[in-house]
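Working notes for the structure below.
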Amino acid sequence: MADLPRPHDGRILTDWEGGEDAALWKITEERVGILTLDFITPVVDDPYVWGQIAAANSISDVFAMGGSPFVALNIVAFPLNCLPLDMLKRLMEGGASKVSESGAFLMGGHSVEDQEPKYGLCVFGEVERDSMWRTIGAHPGDALVLTKPLGTGIMATAIKAEMADPAQAAEAVRWMTTLNDLPRRMTAEQRRRVHAATDVTGFGLAGHALDMLSDHRVDLELDVEALPLLDGAADLAQMGLFPAGGYRNENLYAPQIDNLEKLSRTHCDFLFDTQTSGGLMMACPPEDAEEIVTLAKRHGFGRAGIIGRFRPGTGRIVV
């Protein structure tokens, strides 16, 4: 989109620059609208569960801006000539269950016939102007919190190859269907202490962390030993069950990471693994980060933790 004209209007607060997770615009002096869309191909065989994962993934971008979702619309591509309509019904039922759980309302949508099934949502939400989050804005000295474990891309690859341990696959699915609704659990004051945020999805931990550095004012010192990993995912990656998108991420982002050559292959894999419905990353002062980790664990994000700190710099990751 680099060559497309950027929007210019006093009401618009973000566009696509810097990898923002959603569009933000001023509704009133206090209210900010959030608009996003996302859709994915199947990552599991069960259409209901796939619908839940896709919906949680789509809604996540509203939470990543510190907001609450309000209205969602289905986005569906489906091969009517080879898959039964009951499968489509179950798919949308799964999506609807997560929309309802998020506090939003499913109001319809649009479908097309396609050779490959795809499903997701367009989601509208709102956030207070003084507590909205953006990808950029981390301060030197801030800690970086991650709320979910890494490795869903590796695990999804293993699931498709029928090589995943059933219990480990079920754990990965549990995380992928978990809503990133932590902002709803936080007070307005706690949300205001978060200086920047994003969620970890297809561009991997490294790609989304670099989005947080895209104003080139800070570097991120990443503690790779502190990264939470899905059980069994490292063994699967060593077997070669690594998604193709992860290699693309590595080619794109490795030049912006210092000391990468010192890491094990396993740690590299988890920096670049393509996540589906991954966790929130939030930059905030260290004392607030500890409080947010405690809050996250209390509300079901048991693997939440501090994975790095920001320092003055030019927009690089240091490992």
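Positive contributions from Lys and Arg (+1) and negative ones from Asp and Glu (-1), summed over other residues with Cβ under 11 Å from the Cβ of R316, come out at -2. Computed per residue of the chain from DSSP H runs no shorter than four, each worth -39500 (n - 2.57), the mean residue ellipticity at 222 nm is -10000 deg cm²/dmol. Working note: Karplus 6.51/-1.76/1.60 with θ = phi - 60° gives region 53-61 the couplings 5, 4, 5, 4, 5, 5, 5, 3, 5 Hz, where Gly and Pro are set to x. With R₀ fixed at 41 Å, the C-beta to C-beta distance from R129 to M87 puts the FRET efficiency at about 0.45.
Per residue, the Cα convex hull of region 143-318 amounts to 100 Å³. Neighbours of A104, meaning other residues whose beta-carbon lies under 12 angstrom from its beta-carbon, give a summed charge of -1 when Lys and Arg score +1 and Asp and Glu score -1. Placing one equal scatterer on every Cα of region 17-131 and applying the Debye formula, the log10 ratio I(q)/I(0) at q = 0.17 Å⁻¹ is -0.76. Once the C-beta distance of T41 and S264 is scaled by a Förster radius of 25 Å, the resulting FRET efficiency is 0.25 to the nearest 0.05. Going from the residue with the fewest nearby Cβ atoms within 10 Å to the one with the most, I257, I12 rank I12, I257.
Couplings 3J(HN,Hα) of region 289-302, computed from phi: 4, 4, 5, 5, 4, 4, 4, 4, 5, 5, 10, x, 9, x Hz, in residue order, whole Hz [Karplus 6.51 cos²θ - 1.76 cosθ + 1.60, θ = phi - 60°; x for Gly and Pro].
Taking Cα centre as origin and charging only the Cβ of basic (Lys, Arg, +1) and acidic (Asp, Glu, -1) residues, the dipole magnitude of the chain rounds to 400 debye. Dipole orientation for the chain: of the candidates M281, A244, T314, M281 has the Cα lying most toward the positive pole (charges on Cβ; Lys, Arg +1; Asp, Glu -1).
Region 64-191 gives an Rg/Rh value of 1.03, both radii derived from C-alpha positions and Rh following Kirkwood.
P(r) for region 40-98, from all Cα pairs and a bin width of 5 Å, is 4, 18, 28, 24, 13, 7, 4, 1, 0 %, short bins first. In the structure displayed, which of K26/K98; K89/K297; K26/K297; K98/K262 lie more than 29 Å apart, Cα to Cα? Distance filter (> 29 Å) returns K89/K297; K26/K297; K98/K262.
When the Cα atoms of region 169-235 are aligned to their principal axes, the ranges along those axes come out at 37, 28, 21 Å in descending order.
For the pair region 16-52 / region 124-193, the C-alpha centres are spaced 13 Å from each other. For region 93-146, the set of GluC sites (Glu not before Pro) satisfying both a DSSP loop assignment and a count of at most 16 other C-beta atoms within 10 Å is empty. In terms of the mean number of neighbouring beta-carbon atoms within 10 Å, the peptides 191-197, 60-66, 211-217 order highest first as 60-66, 191-197, 211-217.
Its alpha carbons give the chain an Rg and a Dmax of 18.8, 56 Å. For the chain, the relative contact order comes to 24 percent (Cα pairs under 8 Å, sequence separation of at least 6).
By other beta-carbon atoms within 10 Å, ranking Y247, Y48, Y119, Y253 with the fewest at the front produces Y247, Y48, Y253, Y119. Entry note, region 17-131: relative contact order of 41 percent, from Cα contacts under 8 Å with a spacing of 6+ residues. How big is the antiparallel share of DSSP beta bridges in region 17-131, given as a percent to the nearest 5? Beta bridges within region 17-131, antiparallel portion: roughly 75 percent.
Bear in mind that the values in this text are calculations on the coordinates, not laboratory data. Fair warning: this is a prediction, and the values are worked out from it, not measured in the lab. Virtual Cβ from ideal backbone geometry, glycine too; neighbours counted across all protein chains shown.
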